[in-house]
Amino acid sequence: MEAFEALSLGADHRSITILDQSQLPNRMVYHTATTLEEMTEAIRSLRVRGAPAIGIYAGYCVYVLAQQLSQTCQDIMSIQKQLIHMGEVLIAARPTAVNLPWAVKRMLQKASVCTSVPQLLSCLGEECVTIHQEDMEMCLKISEYGLSLLKEGDGVLTHCNAGPLATSRYGTGQGPFHLAAERGFPLHVYADETRPLLQGARLTAWELKRAGVDVTLICDNMASMVMREGRIQACFVGCDRVAANGDVANKIGTSGVAILAKHYGIPFYVLGPTSTIDLSCPDGEHIPIELRDPEEIRSLWYQEPMAPQDVPCLNPAFDVTDHSLITAIITEKGICRPPFTQSLASLF
Ligand code: MRU
């Protein structure tokens, strides 16, 4: 099986290379970005995607951009100012996952206290690696907590991709499945294909099969049936932004899974790092939802369009799952249960 490296820097630290997720599972190709434009394009077109992975990528991008600026400028204040502008451009690439602004602001905060260019490069170089390492540790802790909620032989339904590709190691929403595979803990995972961009079919099924997890791919509209048949004992999903009251934005279709789980009396768990919790956002109404190109619905995956060319399409990339549908939110710091306003606040 071909191994892959999800992210690496060029030898001179003036470029960043990622495994291009938009090409999976058919092609393992790498994408190198050197300009701000190429970096934002990589985020927008989902070459790199998944809330924690976007944050990690953006952190490295700020460092790479600082390296480039230092080639032509030794004025620390000028570089700091340019980095603030570049950070805003990176943040604007995708609006929903809060990990993106979280990581960029963390890098800019480091940059703001530096007094020389060599110090700035050294601080930023360390900080992006720290963000990456923290993510690896976070994934393991979340996976441990998540697995503690399952029994051997359980069937688990998941939506979108919240595995290693979307993070740095095991993943969040799907981290427990990877940890279970390592430990020989039997589970049966049902992966929603996740229309319209098929992260479940293209990425989750690919990752879980490679990891040796017993996985069955279903169309999104089959979730109700597999739940009714008693095949599902828990639902595990990732998250892009958690509001202070426990409302959760995640891939479009997640809230439908949660509603079905409630109907069938199945626990619905959201797994994500504390960097995905946005206490400044009171509830789901305040989470910005990304609207994407209607062509992703009409024609993207087909040899010929599957809808009339001029039919209006609504293509929100995320939806909000109401906190009342969520059994628990699992973070690297522990398992939060309702009332989420208190349990989430106590993490900080
Ligand atoms: O549009 P995407 O593919 O970036 O959406 C990703 C998701 O919705 C994931 O579930 C979420 O980011 C959590 S990833 C650990």
Just checking, how many residues over region 280-298 are among the small types (Gly, Ala, Ser) and open to solvent by 30 Å² or more (accessible area, probe 1.4 Å)?
1
Mind counting the residues in region 300-347 that are among the polar types (S, T, N, Q) and open to solvent by 30 Å² or more (accessible area, probe 1.4 Å)?
7
Specify which of the listed residues (Val156, Val189, Val215) is in a strand (DSSP E or B), farther than 28 Å from His286 by Cα and open to solvent by 10 Å² or more (accessible area, probe 1.4 Å).
Val215
With closer than 24 Å to Cys313 by Cβ and either touching a His at 6+ places or on another chain (Cβ under 8 Å) or more than 12 Å from the ligand (Cβ to nearest atom) (or both) as the only criterion, which of Gly256, Gly265 stands out?
Gly256
Mind listing whichever residues of region 68-121 are over 27 Å from Asn250 (Cβ atoms), open to solvent by 40 Å² or more (accessible area, probe 1.4 Å) and of a type in the set (A, V, I, L, M)?
Met77, Ile84, Val113
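The values are calculated or read from the model by the stated rules, or taken from the named source; none is laboratory data. Everything numeric in this text was worked out from a predicted model, so none of it was measured. Heads up, the Cβs are rebuilt from the backbone with ideal geometry, glycines too, and the neighbour counts pull from every protein chain shown. What goes into the accessible areas is simple: the full protein's heavy atoms, side chains included, and nothing from ligands, DNA or RNA. Shrake-Rupley method; radii C 1.70, N 1.55, O 1.52, S 1.80 Å.
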